[in-house]
1. Could you go through segment 133-141 in sequence order and give the Karplus-derived ³J(HN,Hα) for each residue, using 6.51 cos²θ - 1.76 cosθ + 1.60 with θ = phi - 60°, rounded to whole Hz, and x for Gly and Pro?
2. For Lys180 and Gln54 in the same chain, what is the full-extension length gain: residue separation times 0.36 nm, less their Cα-Cα distance, in nm?
3. What accessible area per residue comes out for the chain, rounded to a whole number of Å², with a 1.4 Å probe?
4. Among DSSP beta bridges whose residues both lie in the chain, state the antiparallel percentage, nearest 5.
5. Roughly speaking, what % of Cα-Cα pairs in the chain are separated by over 31 Å, rounded to a whole number?
6. What three numbers, in Å, describe the spread of the alpha carbons of segment 17-93 along their principal axes, ordered from the longest?
7. With the cut-off at 18 Å, report for segment 112-183 the share of all Cα pairs above it, as a whole percent.
8. Report the calculated FRET efficiency for Tyr168 and Ser38 (r = Cβ-Cβ distance, R0 = 25 Å), to the nearest 0.05.
Amino acid sequence: MNYLEHLEKHCGTFVSGYDIPYLLEDDVQIIELEEESSKITSISTLGLHWHALQFENGSTAHQELLFRFNQQHAKEEFVELMWQLTDFALGTHQAFELGELYELPEEVLEQYSFSSVYVTAPFYSDESFITYENEEQSVLVVWFVPIYPSEELFIEEHGTERFDELLYETDRELFDLNRKELV
């Protein structure tokens with residue numbers, strides 16, 4: 001099973017790809033998948049795992065990035081955001097660490113009042129989704145969850161473990177850009 005088949009097993013059918021020449025030079029694409037039954041759209045990288053990324057502690061990892069959401073009209077904004085995050089990874093060779101926050105650019109998702117995206121694992125899915133294994137490497141799936149300023153403040157005050165507990169109490173409502181604030 002290749003990585004695209006792994007994604008389709010957990011996120012639905014491949015719908016289209018976005019050809020961004022700069023990323024294609026590094027053999028990385030941004031793709032769209034859709035779960036027909038739930039109408040959840042996924043925007044993912046494909047090929048990033050061929051680039052070794054480094055954690056702060058010096059260890060390396062192979063990662064693919066993922067957004068999942070219900071609102072089709074926000075698709076282009078997620079593609080733009082995915083391009084920026086992928087460009088960051090390729091430019092710095094820095095791995096995304098669980099619990100990190102990345103501030104949203106002003107024009108991205110501004111109608112929803114989110115302030116940043118939170119790095120986590122796709123815990124809502126079957127455990128086999130979190131890591132893709134092939135004969136050459138293990139690939140970590142990194143899920144970015146848009147969060148509100150109040151949730152960012154909660155993380156600052158109580159830490160990522162407590163925030164993760166709040167996330168784990170939710171499920172598919174995290175895909176809804178109109179969701180209520182968790183705190």
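1. Result, rounded to whole Hz: 10, 10, 5, 9, 6, 9, 10, 8, 8.
2. That pair, Lys180 and Gln54, stretches by 41.9 nm at full extension.
3. Roughly 49 Å² per residue, with all protein chains present.
4. 85
5. When every Cα pair of the chain is considered, 10 percent fall beyond 31 Å.
6. Extents along the principal axes: 40, 26, 17 Å.
7. That tail contains 42 percent of the Cα-Cα pairs.
8. Efficiency computed from Cβ-Cβ geometry: 0.80.
The values are calculated or read from the model by the stated rules, or taken from the named source; none is laboratory data. Bear in mind the structure is a predicted one, so any value in this text is a computation, not a measurement. Positions of Cβ are generated from backbone atoms using ideal geometry, with glycine treated the same way; all protein chains shown enter the neighbour counts. With ligands, DNA and RNA removed, areas are computed over all heavy atoms of the protein, side chains included. Shrake-Rupley method; radii C 1.70, N 1.55, O 1.52, S 1.80 Å.
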